[in-house]
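Colleague: Below is one structure. I have some questions about it.
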Amino acid sequence: MITDAQFESLRQDGWALFPGAVSSNLVRPAIEAIKADCAHNCDPARQREYDNISFCPDLRDKPPISELLTHSTARPILDRVLDWNEIEFSPGQIAIRQAHNTDKPYPPVPHIDGTGTGANGRPAESPISNFTALLGVFLTRVDGEFAGNFTVWPGSHHRLEAYFRNRGPRAMHEGMPQIDLGQSRQLFANPGDVILCHYQLAHAAAVNLSANDRIAIYFRVWFKGIETRRWELLTNIWDGWKI
């Protein structure tokens, strides 16, 4: 289920890719449901919400989306590294990077989730609302750069852990740390591939200069009772993990 190389990638780089972890029997209904919802319910006036929070908001907790996690190999992967009985997870974020969404290859800008921006559902300068892991399911093929790629900064989880330890709890209210995170990497993927990232891995979505929409579903996963341990987990990033 999880190879030594994937464990090592998760520990050292902060992410691991699991090719074909979700079957086409689950990918196909998810794609069909998203396309139908976009065709019938998309409101152009809500584009900022779709880009920053989720497309198809009424679909996020429905079976075509939720079963990508609960009825696929993604579930035992999470059980192996976190223990399924010890976690909770969000409805799926339906993330679409639409074709030709910009005019040139702007560099991706790194972030960690849960920092308030005013556009992502959290007020700017609100305390960091961290979680434990980010699990993504790719529904469309990405085989070149600047095609809406999920982009990672390998090893940045270690750099951010050290930053939070040194900065102290005031860092909870200072947004995304402005430090050197190393070099970014734009990932390629096929439909059904799964990526598992530590929460504290800096990441972004590349712009999409390709002719095809890039569609992925992201689930945010956290340990039960995290509300009382947010600072502790920012500064001790593997606490509770089984790796």
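Colleague: Report, by residue number, each residue of the stretch 68-93 that is of a type in the set (G, A, S) and either over 17 Å from L10 (Cβ atoms) or modelled with pLDDT under 95 (or both). Before you say what the answer is, go through the steps one by one.
Modeller: Step one: of the stretch 68-93, the residues of a type in the set (G, A, S) are 72, 74, 90, 92.
S72, S90, G92 - these are the residues of the stretch 68-93 that are of a type in the set (G, A, S) and either over 17 Å from L10 (Cβ atoms) or modelled with pLDDT under 95 (or both).
Colleague: (1) within 25 Å of L234 (Cα to Cα); (2) modelled with pLDDT of 95 or more; (3) in a loop (DSSP other than H, G, I, E, B); (4) over 15 Å from the mean Cα position of the chain (by Cα): which one isn't true of V109, the others all being true?
Modeller: Going through the list (1) within 25 Å of L234 (Cα to Cα); (2) modelled with pLDDT of 95 or more; (3) in a loop (DSSP other than H, G, I, E, B); (4) over 15 Å from the mean Cα position of the chain (by Cα), V109 breaks only (4).
Colleague: Pairs, please: C-beta under 7 Å, at least 6 apart or cross-chain, first residue on the phi < 0 side of the Ramachandran plot and in the stretch 44-61, second loosely packed, with under 15 Cβ neighbours inside 10 Å and modelled with pLDDT under 95?
Modeller: Correct list of pairs: R48/A119; N52/A119; I53/G121.
Colleague: Output the residues belonging to the stretch 89-104 that are over 22 Å from K35 (Cβ atoms) and not β-branched (V, I, T).
Modeller: Passing the criteria: F89, S90, D103, K104.
Colleague: Next question, about the same structure. Kindly indicate the residue of the stretch 150-176 that is assigned to a loop (DSSP other than H, G, I, E, B) and at pLDDT below 95 and also farthest from the chain's Cα centre (by Cα) among those meeting that condition. Reasoning before the result, please.
Modeller: Residues of the stretch 150-176 assigned to a loop (DSSP other than H, G, I, E, B): 153-155, 168, 174-176.
If we keep only those that are at pLDDT below 95 as well, we get 174-176.
Details: E174: 21, G175: 18, M176: 16 Å.
Restricting to residues being assigned to a loop (DSSP other than H, G, I, E, B) and at pLDDT below 95, the top hit is E174.
Colleague: If only one of D13, D37, D43, D58 is farther than 17 Å from F138 by Cα and in contact with a Leu (Cβ under 6 Å, 6 or more places away or on another chain), which one is it?
Modeller: D37
Colleague: Just one of the numbered conditions (1) crowded, with 16+ Cβ neighbours inside 10 Å; (2) more than 25 Å from F18 (Cα to Cα); (3) not polar (S, T, N, Q) is not true of H173; which one?
Modeller: Single failed check for H173: (1).
Colleague: Quick one: which residue in D37, D13 is closer than 24 Å to V152 by Cα, buried (at least 16 other Cβ atoms within 10 Å of the Cβ) and at pLDDT 95 or above?
Modeller: That would be D13, the only listed residue that is closer than 24 Å to V152 by Cα, buried (at least 16 other Cβ atoms within 10 Å of the Cβ) and at pLDDT 95 or above.
Colleague: In the set D83, D143, which member is within 20 Å of D193 (Cβ to Cβ), surrounded by fewer than 18 Cβ atoms within 10 Å (Cβ to Cβ), charged (D, E, K, R) and in contact (Cβ under 8 Å) with a residue 24 or more places away in the chain?
Modeller: Working: D83 fails: within 20 Å of D193 (Cβ to Cβ).
It is D143.
Colleague: Hey, another quick one. Could you check the stretch 1-83 for helices (runs of 4 or more DSSP H) lying wholly inside it with 2 or more residues that are in contact with a helix residue (DSSP H, G or I) (Cβ under 7 Å, 6 or more places away or on another chain) and closer than 17 Å to F219 by Cα? Write out each step before concluding.
Modeller: Details: elements: 4-8, 24-41, 47-52, 63-70, 74-82.
Helices (runs of 4 or more DSSP H) meeting the threshold: 24-41, 63-70, 74-82.
The values are calculated or read from the model by the stated rules, or taken from the named source; none is laboratory data. Quick caveat: nothing in here was measured; it's all calculated off a predicted structure. As a convention, Cβ positions derive from the backbone with ideal geometry for all residues, glycine included, and neighbour counts pool all protein chains shown.
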